[in-house]
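The values are calculated or read from the model by the stated rules, or taken from the named source; none is laboratory data. Since the model is a prediction, treat every value here as computed from it, not as a measurement. With ideal geometry, Cβ positions are generated from the backbone for all residues, glycine too; neighbour counts draw on all protein chains shown. Each accessible area value is taken on the protein alone, full model and side chains, heavy atoms only, with ligands, DNA and RNA left out. Shrake-Rupley method; radii C 1.70, N 1.55, O 1.52, S 1.80 Å.
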Amino acid sequence: MTANTLFRFATAGSVDDGKSTLVGRLLHDAKAILADQLEQVTRTSRDRGFALGEFDFALLTDGLRAEREQGITIDVAYRYFATDRRTFILADCPGHVQYTRNMVTGSATADAVVLLVDARKGVLEQTRRHLAVVALLRVPHIVIAVNKIDLIGFDEPTFTQVAQQARDAAAALGRDDVHVVPVSALEGDNIVARSARTPWYEGPTLVELLEALPSTSAEADQRRFRLPVQFVLRPQGALATELADRADDYRDYRGFAGRVAEGSVRVGERVRLLPGTATTQVTGIQVAGRAASEARAPQSVTLTLADELDAPRGTVITTDGAPATRRDALVEVFQLDERPLQVGDRVLAKHGTATVQARVDEIVSRRDLDTLGHEPASALQANDIGRVRLRFAAELPLEPYAISRESGSLILIHPDDGATLAAVTVLADERAR
């Protein structure tokens, strides 16, 4: 059991599956709503015909006017709340197919995704699309919340049938580890407290489950060290006023700043700079402006090195087990832009803090979201998921996404207008080396 740790999770589901109501219920029952906001929601709920003491929980989460008018979530909204056992960051993702790109964004850094399924409708195409995104992004935990069980009369056989549909769809994507919880977001069944109306369900409530699942943050700092250099600190006389009397200390100073993506490093440890073969030793670490003996993910730090080596923005400072650099890769693509991705397209590939030119060498396949299998394709349209072979103009330290979510992911950018075209995960493929 993991307690008192930060846990990131995202919510997703098809339109009208009750996602906004679920998020509102979680925030309300966790007492993460301010009194004046609750009063306003109570008043608006009454105006909309809700009985005294009842709330339209969706009003707590539909922050944009367009969201309220359309009754759908449009943008990813991050919410913060805590229980007695854990602190949560919740990414509330849109369910509409048009906003699948936002769902990819919200799930990419999540420890878990809570995927809602309407108990009356079962698994839909959008459910399978969301499952595919979650499985291919290797989100550590998948929770299927079978919602609106009040509208099926808390019927166990119907829930069992929908739960099996969801398990089968996840299994087809290689995920046999899903958790399934019957809930009613509107009436609060199995959200925080166990429902007396589902005596046939013996598992945890949704919150009990989220409190118990292990987070990846504790595991991340045990992996090998990776620091993508964001910028190089070289004062060269332009010191802050309070450091003016220490000009001699900073005359030859060169610090390499960035956020630790994975692992940890200590002063005195040997490191390698990628791309290239140069190695050196860490001579100093600064965290939040103070000297430290160790740095670990996800801290933002500055390192000083023993040797004067060229390590501009985009360089990755690593310890043992540094990945090989490569100029091509077989990748899984989540096409986000309306413009199709085609063979021969020239794009920019952003990996960590490095941005290099790249070319689409081959569209290998497109995933059929009905069968979840792969089919031949000549292009990937918006919201398609498919496999592509990319060629880079410079070497990149890529690792399979299955090994590292940080080193194994990229973003493809349109070179002319800077729009994000696709999210990419690197597949293990010896032929690409």
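The condition (being within 30 Å of Arg259 (Cβ to Cβ) and surrounded by fewer than 19 Cβ atoms within 10 Å (Cβ to Cβ)) is satisfied by just one residue among Glu399, Glu395, Glu362: Glu395.
For segment 170-204, filtered to residues that are of a type in the set (S, T, N, Q) and buried (at least 20 other Cβ atoms within 10 Å of the Cβ), the residue that is nearest to Asp84 (Cα to Cα) is Asn190. Annotation note: Cβ proximity below 6 Å between a residue of segment 344-373 that is closer than 23 Å to Pro415 by Cα and a residue that is among the acidic types (Asp, Glu) (sequence gap 6+ or interchain) occurs for Val360/Asp345. In segment 195-207, the residues that are without any contact (Cβ under 8 Å) to a residue 24 or more places away in the chain and closer than 18 Å to Ala112 by Cα form Cβ pairs under 9 Å with partners that are part of a loop (DSSP other than H, G, I, E, B) and polar (S, T, N, Q), at six or more places apart or across chains, as follows: Pro204/Asn190. Could you list, in sequence order, all residues of segment 402-424 that are part of a strand (DSSP E or B) and surrounded by 20 or more Cβ atoms within 10 Å (Cβ to Cβ)? Matches in segment 402-424: Ser409, Leu410, Leu412, Leu421, Ala422, Ala423, Val424. Residues that are in the same structural domain as Cys93 (by the TED database), touching a strand residue (DSSP E or B) at 6+ places or on another chain (Cβ under 7 Å), open to solvent by less than 10 Å² (accessible area, probe 1.4 Å) and at pLDDT below 90 do not occur anywhere in segment 156-169. Considering Leu380, Leu369, Leu390, which residue is touching a helix residue (DSSP H, G or I) at 6+ places or on another chain (Cβ under 8 Å) and surrounded by 14 or more Cβ atoms within 10 Å (Cβ to Cβ)? It is Leu369. Number of residues in segment 265-285 that are open to solvent by 10 Å² or more (accessible area, probe 1.4 Å), farther than 11 Å from Thr319 by Cβ, in contact with a Leu (Cβ under 8 Å, 6 or more places away or on another chain) and hydroxyl-bearing (Ser, Thr, Tyr) equals 1.
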